[in-house]
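K.L.:
Below is the structure I would like to discuss, written out as structure tokens.
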Amino acid sequence: MTNKEQEIHQIVEKQRSWFLTGATLNLNSRIEALNRLKTCILQQKANIHEALSKDLGKSSFESYMCETGLVLSEITYMLKHIRRFAREKTVPTPLAQFHSRSYQKPSPYGVVLIMSPWNYPFLLALDPLIDAIAAGNTVVLKPSAYSPCTSQVIHSIISQCFEEKQAAVVTGGRAENTCLLHQHFDYIFFTGSQAVGKEVMTHAAAHLTPVTLELGGKSPCVIERTANLRLAARRIVFGKFLNCGQTCVAPDYIYCDQSVKERLIKELQKQIKRQFGKNPLKNQNYGKIINEKHFQRLTGLIESSKIVWGGGSDCQALKIEPTLMDHTAFSDPVMQEEIFGPILPILTFSSLDEAICRINSLPHPLALYIFTSDSRAAKKITAHCGFGGGCINDTVIHLATSQMGFGGFGESGMGAYHGKEGFETFSHKKSMVDKKTWLDLPMRYQPYRKLYQKLITLFLK
């Protein structure tokens with residue numbers, strides 16, 4: 001066993017020992033921990049934003065809107081509702097169990113592993129951690145090696161707010177990931193690619209460890225013929241090119257009614273220019289691609305003959321212009337994998353039924369967006385297509401609320417978190433019956449009698 005492996009094993013065992021003392025069951029201590037975390041984040045806000053700028057070129061505005069602010073909002077929501085979430089829930093008791101009280105008791109799993117990605121490195125590390133701590137678990141947090149500056153800040157914050165026995169950060173790359181997955185955790189929460197998600201699930205199976213997988217996929221943006229094209233273009237450009245397209249729920253491609261395609265393209269071109277300027281590569285509020293490998297992969301997906309806007313790049317700055325590609329087919333390279341960058345292919349359909357059939361023939365996406373003025377069309381596509389979540393007449397904003405869960409479906413993941421859903425994800429419900437001792441009905445005991453059979457039949461039907 002290497003020194004690193006030994007260190008990781010010791011952290012896990014330290015947390016397990018502490019959890020078994022019952023210390024995390026105290027609600028007041030959980031609340032105190034979340035308040036400490038909130039205070040520390042507010043104090044470290046400038047450092048967080050500086051780290052996000054170094055890793056991804058994010059502006060301070062975008063960093064707060066999409067990362068720090070959402071984390072603070074999740075803490076605030078959890079502090080407001082944690083006592084209600086943790087309360088035992090009494091449920092009706094069958095007459096056959098008279099006299100008893102039946103209830104469900106939310107209980108923490110134990111030692112939780114959270115593996116977070118690089119694209120929103122602060123948000124996607126801290127949000128599940130908040131939910132896990134609120135539910136009474138201990139946490140081993142593994143941030144991505146691709147966003148080292150943010151990982152360092154996260155390590156600093158967690159070290160200030162928590163003792164290692166309650167929450168600890170493990171930094172590093174593939175070797176550390178592998179070592180962590182060989183440990184016995186009580187729950188694993190993973191955000192990242194489908195390929196790594198499969199590895200996580202395989203390792204979890206060794207201990208029958210439950211998992212939540214937040215993956216990705218090719219999220220369609222359906223433009224129905226009655227859509228407000230100007231507004232659609234504005235909101236699509238925002239959602240697609242936010243964080244340079246490195247967003248798991250970004251519209252991956254436009255699937256447009258062929259009768260409105262040309263008008264939509266013109267509106268998209270106008271909006272790109274309006275939001276990012278004539279030279280997006282010089283826009284200080286437009287971020288960068290995470291690393292050279294990802295940059296080269298993305299530029300390789302751009303077909304110059306199909307570009308109707310953008311296509312330019314700066315390899316030194318790792319920047320790629322917002323790029324529109326027309327005359328795209330489902331067989332093209334850009335449609336074979338999740339793009340995860342500022343490239344937006346445009347495809348067309350002749351009927352909504354055709355669009356639904358095509359979307360359902362592909363792996364289930366994490367998100368789906370439809371722009372339409374026809375409520376029947378919106379209901380039809382959201383009812384008949386399989387996807388994690390989405391918006392009608394907007395993009396990406398469905399994940400920015402603690403009031404409802406966020407998660408994938410099928411190939412795009414399993415499980416959900418945020419707010420109450422997050423608390424429940426990191427809790428298991430103990431179903432309990434508190435049977436009173438002053439009465440003991442004899443009918444269930446042998447020797448069985450015809451009278452008892454009649455009573456059982458009366459009670460159980």
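The values are calculated or read from the model by the stated rules, or taken from the named source; none is laboratory data. Everything numeric here is computed off the predicted structure, so don't read it as measured data. For neighbour counting, all protein chains shown are included, and Cβ atoms are generated from backbone atoms with ideal geometry for every residue, glycine included.
K.L.:
Just wondering, is there one or more residues in the stretch 56-65 that are at positive phi and in contact with a Lys or Arg (Cβ under 6 Å, 6 or more places away or on another chain)?
P.N.:
yes
K.L.:
I'm trying to understand the selection: among the residues of the stretch 83-112, which are part of a loop (DSSP other than H, G, I, E, B) and either within 31 Å of the chain's Cα centre (by Cα) or among the aliphatic types (A, V, I, L, M) (or both)?
P.N.:
A86, R87, E88, Y109, G110
K.L.:
Follow-up question, since we're still on this one. For a quick check of your reading of the model, give me the residue pairs whose first member lies in the stretch 99-113 and is outside the structural domain of N137 (by TED's automatic domain parsing), whose second is not charged (D, E, K, R), with beta-carbon atoms closer than 7 Å and at least 6 apart or on different chains.
P.N.:
none
K.L.:
Can I ask one more? Of L242, L264, which residue is among the hydrophobic types (A, V, I, L, M, F, W, C), closer than 25 Å to L123 by Cα, in contact (Cβ under 8 Å) with a residue 12 or more places away in the chain and crowded, with 19+ Cβ neighbours inside 10 Å?
P.N.:
None of the others qualify; the one that does is L242.
K.L.:
Next question. Within the stretch 366-387, identify whether any single residue is among the hydroxyl-bearing types (S, T, Y) and either in contact with a Gly (Cβ under 8 Å, 6 or more places away or on another chain) or within 23 Å of K198 (Cα to Cα) (or both), and answer yes or no.
P.N.:
Taking every residue of the stretch 366-387 in turn, at least one turns out to be among the hydroxyl-bearing types (S, T, Y) and either in contact with a Gly (Cβ under 8 Å, 6 or more places away or on another chain) or within 23 Å of K198 (Cα to Cα) (or both).
K.L.:
Hey, another quick one. Out of (1) surrounded by fewer than 18 Cβ atoms within 10 Å (Cβ to Cβ); (2) within 21 Å of G197 (Cα to Cα); (3) in contact with a strand residue (DSSP E or B) (Cβ under 8 Å, 6 or more places away or on another chain); (4) among the small types (G, A, S), what's the single condition that is false for G410?
P.N.:
Only one criterion in (1) surrounded by fewer than 18 Cβ atoms within 10 Å (Cβ to Cβ); (2) within 21 Å of G197 (Cα to Cα); (3) in contact with a strand residue (DSSP E or B) (Cβ under 8 Å, 6 or more places away or on another chain); (4) among the small types (G, A, S) is unmet by G410, namely (3).
K.L.:
Looking for something free of Cβ contacts under 8 Å to residues at least 40 places away in the same chain, out of contact with any helix residue (DSSP H, G or I) (no Cβ under 7 Å at 6 or more places or on another chain), of a type in the set (A, V, I, L, M, F, W, C) and outside any strand (DSSP E or B) - is there at least one such residue anywhere in the stretch 357-377?
P.N.:
There is at least one residue in the stretch 357-377 that is free of Cβ contacts under 8 Å to residues at least 40 places away in the same chain, out of contact with any helix residue (DSSP H, G or I) (no Cβ under 7 Å at 6 or more places or on another chain), of a type in the set (A, V, I, L, M, F, W, C) and outside any strand (DSSP E or B).
K.L.:
Residue check: is Q271 surrounded by fewer than 16 Cβ atoms within 10 Å (Cβ to Cβ) and among the polar types (S, T, N, Q)?
P.N.:
no
K.L.:
For the condition in a loop (DSSP other than H, G, I, E, B) and either within 30 Å of A145 (Cα to Cα) or touching a His at 6+ places or on another chain (Cβ under 8 Å) (or both), what is the one hit in K38, K58?
P.N.:
K58
K.L.:
Suppose we keep only residues that are without any contact (Cβ under 8 Å) to a residue 60 or more places away in the chain and outside any loop (DSSP other than H, G, I, E, B) within the stretch 335-356. Which one would you say is surrounded by the most Cβ atoms within 10 Å (Cβ to Cβ)?
P.N.:
Filtering first and then ranking leaves I356.
K.L.:
Quick one: would you say T150 is over 24 Å from A250 (Cα atoms), in contact with a helix residue (DSSP H, G or I) (Cβ under 6 Å, 6 or more places away or on another chain), of a type in the set (S, T, Y) and at pLDDT 95 or above?
P.N.:
For T150, the condition - over 24 Å from A250 (Cα atoms), in contact with a helix residue (DSSP H, G or I) (Cβ under 6 Å, 6 or more places away or on another chain), of a type in the set (S, T, Y) and at pLDDT 95 or above - is not met.
K.L.:
When you scan the stretch 140-159, how many residues do you find that are of a type in the set (A, V, I, L, M, F, W, C) and free of Cβ contacts under 8 Å to residues at least 40 places away in the same chain?
P.N.:
4
K.L.:
Any residue that is closer than 27 Å to I289 by Cα, of a type in the set (A, V, I, L, M, F, W, C) and in contact with a Gly (Cβ under 6 Å, 6 or more places away or on another chain) - is there at least one of those in the stretch 120-139?
P.N.:
No, the stretch 120-139 has no match at all.
K.L.:
Looking at K58, is it touching a Gly at 6+ places or on another chain (Cβ under 7 Å) and either surrounded by fewer than 16 Cβ atoms within 10 Å (Cβ to Cβ) or more than 20 Å from A167 (Cβ to Cβ) (or both)?
P.N.:
Against the criterion (touching a Gly at 6+ places or on another chain (Cβ under 7 Å) and either surrounded by fewer than 16 Cβ atoms within 10 Å (Cβ to Cβ) or more than 20 Å from A167 (Cβ to Cβ) (or both)), K58 qualifies.
K.L.:
Here's another thing I want to ask about it. Failed condition for T382, given (1) free of Cβ contacts under 8 Å to residues at least 40 places away in the same chain; (2) outside any loop (DSSP other than H, G, I, E, B); (3) touching a helix residue (DSSP H, G or I) at 6+ places or on another chain (Cβ under 6 Å), with all others met?
P.N.:
It is condition (3) that T382 fails.
K.L.:
Please go through the stretch 122-174 and pick out each residue that is surrounded by fewer than 23 Cβ atoms within 10 Å (Cβ to Cβ) and assigned to a loop (DSSP other than H, G, I, E, B).
P.N.:
A145, Y146, F162, E163, E164, K165, Q166, V170, T171, G172, G173
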